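Below: the structure, in structure tokens.
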Amino acid sequence: MSKKILFLTGTRADFGKLKSLINALEREEGFEAHIFVTGMHMFPKYGTTGGEIEKSGFKRIYCFINQKPNDSMDAILANTIYGLSNYLSLLKPDLVVVHGDRVEALAGAIVCALNNILVAHIEGGEISGAIDESIRHAVSKLSHLHFVANNEAKRRLVQMGEAESRIFVIGSPDIDLMSSEKLPKLAEVKDYYEIPFNKYAILIYHPVTTNLHDVFVNIQETLYAVLESGRNYIVIYPNNDTGSDIIIEEYEQLRDNPRFRIFPSIRFEAFLALLRHCEFIIGNSSAGIREAPFYAVPTINIGMRQNGRFACKTILNVNQSKSEILNAIWKVSEIPRVKSDHFGDGKSTERFIDVLKSPKMFDEISIQKKFIDKE
């Protein structure tokens with residue numbers, strides 16, 4: 001009987017990282033890939049990206065609306081737990097795969113842990129600012145298998161009491177896609193999204209959930225700087241965390257400015273094509289920390305959201321002030337374009353499949369977890 005593997009996705013970003021794994025698993029005999037689609041994917045405001053998942057040709061997709069506008073993160077967590085619990089009682093998967101540090105991933109880990117279902121966590125052991133880091137570590141403690149990006153992440157999980165035998169260093173799965181020759185051509189992407197710029201930067205700015213009282217001032221400082229810079233920008237909406245509405249509302253002042261093209265979402269493959277050829281990426285998105293260095297694209301990282309994460313020569317960290325941000329934009333050409341493979345070498349999918357196919361893997365991984373003390 002085929003093993004049922006369920007992938008949970010709540011955002012455009014995590015689906016970009018899971019897509020190559022799902023594709024590969026669907027080609028493997030003895031496995032049945034399922035996808036639980038929820039979160040931002042279901043929101044017209046963010047481009048209803050669940051439709052893109054359906055267009056990808058996957059066979060077994062279940063869509064669930066886990067929130068309404070202005071729901072708090074704890075309400076979204078509760079809704080997701082309820083919906084996923086009902087779905088899992090019918091599907092009865094052998095393994096559920098979650099990614100990263102979103103509340104949907106936490107919901108998946110909670111439901112599975114309480115129902116004796118194996119959980120695999122992609123990209124645990126990382127650090128960042130805001131509430132994201134706490135969520136990521138909580139997901140890791142509830143998970144039974146860990147597929148991490150590098151040895152640094154593995155070391156942190158061992159420090160958290162996780163068994164080394166359950167931690168597999170595979171790299172970041174999106175690097176596989178970034179390395180692919182099948183990415184769309186830049187000209188095709190620009191034509192599809194009606195982007196007229198020859199030179200451009202990418203702006204992605206998310207709310208910092210542990211510092212919500214400053215969201216309005218912070219996004220204003222950022223927009224003052226990019227407006228004064230005189231550059232062209234592709235602007236992509238933030239995630240749906242509390243505070244995102246403030247950012248989106250501030251973007252409205254850019255609507256009629258010919259130097260800005262604003263999008264609720266961009267298909268991940270298309271985003272990679274744009275990222276690869278941009279002058280720089282600016283804001284506080286993890287794309288500036290993880291994906292941009294792989295393409296040797298300079299990053300202007302603003303504020304505290306990515307505190308403690310990977311420090312690469314292509315990343316310039318600045319405080320949340322117009323003058324610092326603007327000064328960084330002027331100096332961006334001085335940032336060295338040095339490619340980094342810190343998050344993978346493009347073989348993550350192969351390693352992931354090898355682990356799942358290993359003899360007796362599903363029989364030998366115990367549901368009962370134990371804290372492993374360091375000697």
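The values are calculated or read from the model by the stated rules, or taken from the named source; none is laboratory data. If you're wondering where the values come from, they're calculated on a predicted model, not measured in any experiment. Backbone-built Cβ (ideal geometry, glycine too); neighbour counts: all protein chains shown. Areas reflect the complete protein model, heavy atoms only, side chains present, ligands, DNA and RNA absent. Shrake-Rupley method; radii C 1.70, N 1.55, O 1.52, S 1.80 Å.
Key figures
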quantity	calculated
Residues of type lysines that residue 190 reaches as a straight line, Cα spacing below 18 Å, ignoring anything fewer than 8 places off in the same chain	182, 199
Stokes-Einstein D in µm²/s, Kirkwood radius over Cα pairs - the stretch 157-206 at 37 °C with 0.692 mPa s viscosity	217 µm²/s
The stretch 202-253, dipole about Cα centre (Lys/Arg Cβ +1, Asp/Glu Cβ -1), debye to the nearest 20	200 debye
For the stretch 1-97, size of Cβ-based charge dipole, Lys and Arg +1, Asp and Glu -1, in debye	140 debye
Descending principal axes extents, the stretch 1-93, alpha-carbon based, whole Å	43, 27, 17
Kirkwood-type radius of the stretch 35-88, with distances r between different C-alpha atoms, in Å	11.7 Å
Unit charges at the beta carbon, dipole of the chain: most positive-side option, 122, 48, 260	122
Per residue, in Å², the accessible surface of the chain once ligands and nucleic acids are set aside, probe 1.4 Å	43 Å²
Within-12-Å neighbourhood charge of residue 242 [Cβ basis; K, R +1; D, E -1]	-4
Proximal lysines to residue 313, defined as alpha-carbon separation beneath 16 angstrom and excluding residues fewer than eight positions away on the same chain	331, 339
Sulfur and carbon atoms: percent of accessible area, the chain [1.4 Å]	50 percent
Of the DSSP H helices in the chain, those whose Cα atoms cover at least 18 Å axially and whose Kyte score averages 0.0 or more	73-91, 215-229
Unsatisfied cross-links (Cα-Cα over 20 Å) in the set 19/357; 92/347; 3/154; 55/357; 3/347	92/347; 3/154; 55/357; 3/347
Simple Cβ-charge dipole of the chain, Lys/Arg +1 and Asp/Glu -1, about Cα centre, in debye nearest 20	480 debye
Positive dipole terminus of the chain, leading residue within 342, 232, 36 (C-beta point charges)	342
Hydrodynamic radius of the stretch 76-172 per Kirkwood, over alpha carbon pairs, in Å	13.3 Å
Estimated [θ] at 222 nm from DSSP helical runs (n ≥ 4, -39500 (n - 2.57)) normalised by residues in the chain, nearest 500	-11000 deg cm²/dmol
At most 10 other Cβ within 10 Å, DSSP loop - GluC sites (Glu not before Pro), the stretch 1-46	29
Cut-off 10 Å between beta-carbons: net charge of the residues surrounding residue 126, Lys and Arg +1, Asp and Glu -1	-1
Highest-first arrangement of 41-49, 183-191, where packing means the average Cβ count within 10 Å	41-49, 183-191
For the stretch 307-375: Kirkwood Rh in Å [reciprocal of mean 1/r, alpha carbons]	17.2 Å
For the stretch 229-344, convex hull of alpha carbons as volume per residue, Å³	116 Å³
